[in-house]
Structure formats: structure tokens, C-alpha cells
Amino acid sequence: MDFTTLLLAWFRDNQRELPWKEYKDAYSVWVSEIILQQTRVQQGKMYFNRFLETFPTIERLAEAPEDQVLKTWQGLGYYSRARNMHKTAKKIMREYGGSFPKDTGLLQKLDGIGPYTAAAIGSFAFRLPVAALDGNGYRILARYFGIDTPVDSAEAKRSFTTLAQSLLPAGDSASFNQALMDFGSLICTPRPVCGICPMIQTCSAYRDGQTGRLPVKKEKATAKTRYFHYLDIEYGNATFIRQRTGNDIWKGLYEFPLIETSSPAGYPNLIKTEDFKKMLDVSSCTLINIYRAKPHKLSHQTIYPVFYRIRLQSGGNYLQTEYLEIDRDDFSRYAVSRLIEKYMDFFHNFAGL
Ligand code: SF4
């Protein structure tokens, strides 16, 4: 039996039950696919339901303020996904009358939609004959066909897509694409369970003892290291926050005044920096607590965060001009990164501050 026949036979008896599989409309497919990028299925289920409850239609998403979109996304990370969804929803309302285009080329012109998501929407919602290859798909094909090309290279994008396209069954790209995802999540996982795999007789990697080596990836660039010092300032019952702008991480989210240093710096060194002096007069500050969070790993960088809880008696003028002065009790109304959310939980739950 060939690859496609084996895969579809396995899928018929073993496919996963997932909430988004019930939905075949382009909006729901799109929401589920974006949420599932970089997110585990269990966590994705909760956010998928929450997102559709808050924004049941693309129109409601387009009309929502960005802060509400980010707040709904809070905790999922990679916030550019939420910002891109918001932009795309507006564009679809403006340029396509509220309906996704039934063309994978046009879909890829929308913010946050790459070849994989376009193909997933195309096949699941519009039954277009297109193969949707995510990490699962690349892994399975690399192993089954014994392909050495690094799966994160431009060449692999072309050659794996051509291969997957040639394997599509007539008239049912959706089952093929869904089968690849389920098979990659349950059988041909990063540590494959070849013992129960229906493809074991014909799999190249298994035959050649290469299941641990394939798929091949390019060597990773070393992650950048950053040192973040957050100043959680207690000014009466107020604190100060600011929305991040620019093209750095967490754009659009709120955070405490931040000082970034190029190497680790304890509090005695921090108060000597120009950034600190600009914000605060050390003689009117009392350091209440220090919270060193675990290193926060993002795709290309590792952040070493420290939170300083500081009581400020007077001299908050600079902060009042440059930052938003808010009541501490209102903090939860603002969309923040997972890192800051964890810090706030820690102090509420354990430190009692
Ligand atoms: S035999 Fe093992 S490596 Fe080959 S497709 Fe099956 S699970 Fe993957």
C-alpha cells in the first residue's frame, strides 16, 4: 500500500477529537490555526473557545479595540499573532466584504497568514486541493521518504510541498492534511512510536535506523541574552505602566518602567545607571522587595528578568509625564506579557503585597 492509503486508513480509525474540527467555516479554521502555532493543544482548546465567545464573527473582531484583542490573547505568548489577526480581520471587512478569499495566494497576502495557514484554510474551509504542511508534516515526510534536506530551509519548503501535493488524494485534501497533523501528534512524534506504526514496513527512516536523526535542521543561531529590570513602583496606591511600542517583543502590551542592561546588574549598580536616575531620585525610594523570575525563553532570545518593588515617597514627576499612573487594583485590566502576569500572580498569592 502507498503512503496516502496507509495514512488515510489509520486516520479513519484513530483521528483525534478536537473542538475546532467541528467548525468548517474559514473564520473558525483561521482562529484555530493561528492559536495552535506555538501553543500546545490542551491550552489551545481553552483559548479557541474563549476567543470565539469574545469575537464570534470576523466583524466583531475587526471592530474590537486592540487592547481587548490582546487581553483575550493574554497568556498565549507571541502577541504578534493577535495583532496580525486584528489587522487581517479589518482588511477582510474592508476589502473582501467580510469573507476570506477562496485563493491561497490572496490568503497569503493577509497579515500573519503564511503558506501553511493559507493551505489549511483553503483545504478545511474551501476544499481546495492544497497540501498544508506544518512541522508534523515535514517530520513524517522526511522520515518516511528518507529526506536529508534541512526542513527549515527554503529548498525544503519547495521540495516538501511538491512532494505533499503529489500525495494528495483526489477530492479530499482536508482529510489528508488533518491526518498528517494527527499522525504526527500521536505516532510519528519527535520520539516516534514505530512499534504501533502502520507504515513501519515501508518507512525509509525505520528501515535505515534513521528515525532519531531525521528530520534534519539547520544549525540554530545562538539566542540573544537580555537583562530586564522592571521597577514596580508603589506610589501611594498607584503604580506606573507604559505600553510597549516599536518592533521589539510584546508590542502593544503594558509593562512597568523597564531598564535593560547588557550584563547582569544588582540593585546597587542599577541605581547608578542614567536610566534609573532619570526616572527616580534614589533618596526618595525604598526598596521593598526583589523578585528574580526564571529566565524567560523566547524563540531567538532569553530574557533574565528581575522585578524591584520600590516605594516612592515623592518626586514622581518624570514618571507621571512619561508613564500612565494607574491604581494598583486596576492593573488586571491591562494586557501584559506572561512574564508580568506571573510576577503579579506571585505577589498576590505568596508575598501578600
Ligand atoms: S515507522 Fe516510525 S519513523 Fe516511520 S513513519 Fe512510522 S512512526 Fe514515523
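The alpha carbon gyration tensor of the range 224-351 gives principal lengths a ≥ b ≥ c with a/c below 1.5, which makes the shape rounded.
For the range 224-351, the Cβ-based charge dipole about the Cα centre amounts to some 540 debye (Lys, Arg positive; Asp, Glu negative; other atoms uncharged).
When DSSP beta bridges are limited to those with both residues in the chain, what percentage is antiparallel, rounded to the nearest 5? So the antiparallel bridges amount to about 60 percent of the total.
Against the main long axis of the alpha-carbon atoms of the chain, helix 154-167 sits at an angle near 40°.
For the chain, the longest principal axis of the alpha carbon atoms and the long axis of helix 41-54 meet at an angle near 70°. With the cut-off at 1.5 for a/c, could you classify the range 70-166 from its C-alpha gyration tensor as rounded, prolate or oblate? It is oblate, given that a/c is not under 1.5 and a/b is not larger than b/c. Extent along the principal axes, Cα only, for the range 296-345: 39, 21, 18 Å, with the longest axis given first. Here the contact order of the chain, divided by its residue count and restricted to Cα pairs under 8 Å and six or more residues apart, works out to 16 percent.
Kindly identify the range 141-181 as rounded, prolate or oblate by the Cα gyration tensor criterion: order the square roots of the eigenvalues as a ≥ b ≥ c, call it rounded if a/c is under 1.5, otherwise compare a/b with b/c, prolate if a/b is larger, else oblate. Prolate, because a/c is 1.5 or more and a/b exceeds b/c. In this Cβ point-charge picture (+1 for Lys and Arg, -1 for Asp and Glu), the range 32-103 has a dipole of about 160 debye about its Cα centre. Close Lys pairs in the range 224-351 (alpha-carbon distance under 27 Å; sequence gap of 8 or more, or different chains): 16.
Counting Lys and Arg as +1 and Asp and Glu as -1 over every other residue whose Cβ lies under 15 Å from the Cβ of Thr149, the net charge comes to +3.
Compactness of the range 3-208 was expressed as the Cα radius of gyration divided by 2.2 N^0.38 Å, which yields 1.05. Picking from Lys109, Lys277, Lys342, which is most flexible by a Gaussian network model of the chain using Cα springs under 10 Å? Looking only at Lys109, Lys277, Lys342, the largest GNM fluctuation is found for Lys277. Between the exposed loop cleavage positions of the chain, defined as GluC sites (Glu not before Pro) in a non-H, G, I, E, B DSSP state with at most 16 neighbouring beta-carbon atoms within 10 angstrom, the longest gap is 18-218. Dividing the Cα radius of gyration of the chain by 2.2 N^0.38 Å, with N the residue count, gives 1.19. So what's the angle, to the nearest 10 degrees on a 0 to 90 scale, between helix 173-186 and the longest Cα principal axis of the chain? In the chain, helix 173-186 runs at an angle near 60 degrees to the longest axis.
Each value in this text was obtained by applying a stated rule to the coordinates, not by laboratory testing. Keep in mind the model is a prediction, meaning the values are calculated, not measured. Note that each Cβ is placed from the backbone with ideal geometry, even for glycine, and that neighbours are counted across all protein chains shown.
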